[in-house]
Every structure is written in structure tokens, then in C-alpha cells.
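Written out below as C-alpha cells is the structure these notes cover.
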């Protein structure tokens, strides 16, 4: 079945450090890929998405490129801030499954000043 | 617009008790979802409703029932709560009216449920 695997957390960085959170997927069709972010005590919010191979999603300084050859969608940010501390979820959606999302296990990021 | 709202925010139950979690959206979305979030396991789909009048099982439906009351509301019922159902429950919605399906899901703030 379809699945998403994220790098294990938690991840702790200093402010202005470079961030990479790895995400790889297994899918039977051609998925759309997403990164969601969950701030403490809140629900999930869409951070960025890509719907086809080689697309780059970007938002709030975060970027991720849809790599079909490596089945990956790694999240990157050049300079993290304390306010980026949150849990990050990689997810995929297959066209034949409608709008159903399959999530990774989430990666906790803590950014220290 | 309030987006997706959930009630209650917190709930403590004893084993065997029943309760209903409420969810409503004001974005005229066609599809609604219930997820549970457990540490180290991400979000797992319990039930979903692709459109008003339809419901389908997700990955972990056992012990739950749902009702799509109308286009706005989608409730989740625990008939006989068990400690294994201690979790954070999220409702989500997606899909604009008019035949254009948006693939972004919008989430509510969650209900934190503890079953003793």
C-alpha cells in the first residue's frame, strides 16, 4: 500500500541553522505530495505542496522538490527561526483515493535562540 | 469564516462510556475526515465522507461510528470507549463546491480524549 517515511526526530537546531527533514514515499500511482506543519496546541496547516515530478513547492522560506527518481520530497529551509519550532508531516495523495491523505509519522523540530 | 471547528476541546471518559465528537465546517467543502493522532504514528484516517450522504472506513475504523449530518457537519461516535482510544482527534475538510476539487485539507484544532 501507499506509505510515507520521514526521518526520525526530534530535531534540535540553533537559530539561523540550515534545516533538512527527509521524506520518502511508496505509492502505486502518481501521488501529489505535501508538507503540513502543526504548531503547539493547534491543528495541521498546509505548508507547501507539489503535484508532479520536478515541481518545487515553497512557502515561508521552506522548499521541497518532488523527486520521482528517488521517490523523495525533502523539506529544506536555509535559516530557521525559533518560530519554526513545530511538528512537520509529510503526506501524499493518490488521485484514485480522492482527497484522502496518507501521512508520515511526523518530525518534531525545536529551534533554540 | 471560522473554518473547521470541533467540540469539545478536551474530554475524559471512563472505560465503557460513550460520547460524540462534533465537527463543522463553513467552507462549503464536499469531503470531511476524522483522524486520530498518536505519538510516533502520525495521523491515521478513521472514517471519511467524500460527499454528503456517504461515509467510508479509513485505516482504523474499529470502535467508531460516524454520521454525515449535512454538508457542514460530520460527527464521530465512540459507543463504548476503551483506553486504546486515548488520542487526539482531528477533523478535516476539503473539496470546493462546483465540481472543482481542491486537494488541500483544512484541519480543526483537535479534541484531546483520555479514556481511563
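Scanning the stretch B:36-49 for residues that are part of a loop (DSSP other than H, G, I, E, B), touching a residue at least 40 places away in the same chain (Cβ under 8 Å) and buried (at least 16 other Cβ atoms within 10 Å of the Cβ) yields nothing. Do the conditions hold for residue B:27, that is, is it without any contact (Cβ under 8 Å) to a residue 60 or more places away in the chain, part of a loop (DSSP other than H, G, I, E, B) and within 14 Å of chain A (Cβ to nearest Cβ)? Against the criterion (without any contact (Cβ under 8 Å) to a residue 60 or more places away in the chain, part of a loop (DSSP other than H, G, I, E, B) and within 14 Å of chain A (Cβ to nearest Cβ)), residue B:27 does not qualify.
When A:26, A:70, A:107, A:5 are checked against the criterion of being more than 18 Å from residue B:45 (Cα to Cα) and surrounded by fewer than 20 Cβ atoms within 10 Å (Cβ to Cβ), A:70 stands alone in meeting it. Picking from residues in the stretch B:96-115 that are modelled with pLDDT under 95 and over 22 Å from residue A:42 (Cβ atoms), the one that is nearest to the other protein chains (Cβ to nearest Cβ) is B:101. Determine whether residue B:78 is buried (at least 20 other Cβ atoms within 10 Å of the Cβ) and under 10 Å from the mean Cα position of the chain (by Cα). No: the conditions fail for residue B:78. In this structure, does residue A:19 turn out to be in contact (Cβ under 8 Å) with a residue 24 or more places away in the chain, over 13 Å from the mean Cα position of the chain (by Cα), within 23 Å of residue A:61 (Cβ to Cβ) and surrounded by 14 or more Cβ atoms within 10 Å (Cβ to Cβ)? Criteria not met by residue A:19. When residues in the stretch A:59-96 are screened for being more than 15 Å from the chain's Cα centre (by Cα) and either at the interface with another protein chain (Cβ under 10 Å from one of its Cβ atoms) or assigned to a strand (DSSP E or B) (or both), 1 of them pass. Counting the residues of the stretch B:81-95 that are modelled with pLDDT of 95 or more, assigned to a loop (DSSP other than H, G, I, E, B) and surrounded by 20 or more Cβ atoms within 10 Å (Cβ to Cβ) gives 1. For the stretch A:28-53, the set of residues classified as at pLDDT below 90, away from chain B (no Cβ under 11 Å) and touching a strand residue (DSSP E or B) at 6+ places or on another chain (Cβ under 9 Å) consists of A:40, A:52, listed by residue number.
The values are calculated or read from the model by the stated rules, or taken from the named source; none is laboratory data. Because the structure is a prediction, the values reported are computed rather than measured. Because the Cβ atoms are built from the backbone with ideal geometry, glycine has one as well, and the counts that use them run over all protein chains shown.
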